[in-house]
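Structure first, then comments.
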Amino acid sequence: MLMSVGKSLSDRGWIILTIVPLAAIIMATILAYGALTSASPMEFQTTSNTQTSSQHTLMVVGVGTVKVRPDVAIIYLGVETRAPEASEAAQKNAVLMSAVINELTNLGIEEKDIRTAYLSIYPDIKCDTNGCVQVGYVATNTIEVSLRGEKMVLASSVIDRAVGAGANLVSGVTFTLSDELQESISDQALSKAIADAQAKAKKVTEPLGLKILGVDSVSLNWQYPVTPYPLRAEAVTSYDKGMQVFPGESTYTVQVQVVYIIG
C-alpha cells in the first residue's frame, strides 16, 4: 500500500510541491512550541535567584566576659653547673637538682606535678681579645612545678626552698586555669555572649519594625586567660626571701559573631 501511494505521488509532481512546504510549516510549529515550553523553567529559576539575593541579614557581635581567679601556678626552676668534663658537669647538676626536688616534696609537692622542661649539656666557651677557647662544659636542667588549688599559696616558699637547695635559674611564674575550671567558665562566657548578641539584634530590628527570621551563620572567638607574672632574676643570690606572689584575677572572654536573617 505504501509503495502504491509513493508511485501515485511520483506521477503528480504538483502534489509533492504542496506537501513539502506544509511539512516545513509543521516542523517550524513544533520547534516553536518546544521553545515556548522550555522557557518556563528558566524564568522560574531566575525568579528564585532574585528572591534569594533580596534576603536581608544583620551581623551582630556578642561579647561574654567572666572574671576568674586562676587555680594553677606554674613555676620554672633550674640548675646550671660547670665543670672541665661533661660527665662531671652532669653529675654536679644531678646532685643539686635532687636536693631541689627533695625540698619540693618536703613541701608537699607531688611528683606528678614536677616535670622536666629542659635538659642540655653544651661546651663552655670563653672569649677575650685573644679569641675564644673551650674551658669545659655546662649542664642545665630546668623543671616545671605546678601548684594546684590551695597549694598556690606555696609559690613563694617553693622558690625560696629551691634557691636555698641550689637552684640558680628562676625563669618566672605563670598563672593559668585547670581544665575543669576552664570548661566551667567557658560555658558561662559563651552563654553571656549569645545573650548579648540576641539583645543587640533586638535593639536594631524592633525600632525598625523588623523581625528576626533565623540565623544564617555563627562564628566564635575564644580568648584564654593566661596571666604571666615576671619573676626573672638576674642574680638569684640576691633573691629576696619571703617574696609574695599574688595571682589576682584573669578575664576570660568569648566573642560570638552571629549573622541573623531579618525581614
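The values are calculated or read from the model by the stated rules, or taken from the named source; none is laboratory data. The structure presented is a predicted model; accordingly, all values stated were derived computationally and were not measured. Every residue, glycine as well, gets a Cβ built from its backbone with ideal geometry; the counts of neighbours run over all protein chains shown. Accessible surface is based on the protein model in full, side chains and every heavy atom, while ligands, DNA and RNA are left aside. Shrake-Rupley method; radii C 1.70, N 1.55, O 1.52, S 1.80 Å.
Do you know which residues across region 55-105 are closer than 25 Å to GLN198 by Cα and basic (Lys, Arg)?
LYS67
Out of the residues in region 219-231 meeting the condition of being in contact with a helix residue (DSSP H, G or I) (Cβ under 9 Å, 6 or more places away or on another chain) and hydrophobic (A, V, I, L, M, F, W, C), tell me which one is modelled with the lowest pLDDT.
LEU231
When you check VAL68 against the structure, is it in contact with a Lys or Arg (Cβ under 6 Å, 6 or more places away or on another chain) and modelled with pLDDT under 95, yes or no?
So VAL68 fails the test.
Are any residues in region 81-90 open to solvent by 50 Å² or more (accessible area, probe 1.4 Å) and out of contact with any Ser or Thr (no Cβ under 9 Å at 6 or more places or on another chain), and if so, which ones?
Within region 81-90, ARG82, PRO84, GLU85, SER87 meet the criteria.
Inside region 89-130, can you point out the residues that are acidic (Asp, Glu) and either touching a residue at least 12 places away in the same chain (Cβ under 8 Å) or within 30 Å of SER178 (Cβ to Cβ) (or both)?
GLU103, GLU110, GLU111, ASP113, ASP124
Across region 168-182, which residue is nearest to TYR76 (Cα to Cα) among those that are assigned to a helix (DSSP H, G or I) and either open to solvent by less than 50 Å² (accessible area, probe 1.4 Å) or free of Cβ contacts under 8 Å to residues at least 12 places away in the same chain (or both)?
If we take residues in region 168-182 being assigned to a helix (DSSP H, G or I) and either open to solvent by less than 50 Å² (accessible area, probe 1.4 Å) or free of Cβ contacts under 8 Å to residues at least 12 places away in the same chain (or both), then ASP179 is nearest to TYR76 (Cα to Cα).
In the set VAL153, VAL204, VAL163, which member is within 20 Å of THR81 (Cβ to Cβ), in a helix (DSSP H, G or I) and open to solvent by 20 Å² or more (accessible area, probe 1.4 Å)?
After ruling out the rest, the residue left standing is VAL163.
Mind counting the residues in region 126-147 that are among the β-branched types (Val, Ile, Thr), over 24 Å from SER171 (Cα atoms) and open to solvent by less than 80 Å² (accessible area, probe 1.4 Å)?
Of region 126-147, the ones among the β-branched types (Val, Ile, Thr) are 129, 133, 135, 138, 140, 142-143, 145.
Cutting the leftovers down to over 24 Å from SER171 (Cα atoms) gives us 129, 133, 135.
Then keep just the ones that are open to solvent by less than 80 Å² (accessible area, probe 1.4 Å); that gives 135.
Adding up the residues that qualify gives 1.
Hey, can you tell me all the residues within region 91-120 that are under 29 Å from GLN134 (Cα atoms), modelled with pLDDT of 95 or more and open to solvent by 40 Å² or more (accessible area, probe 1.4 Å)?
Passing the criteria: GLN91, LYS92, ALA94, VAL95, LEU96, SER98.
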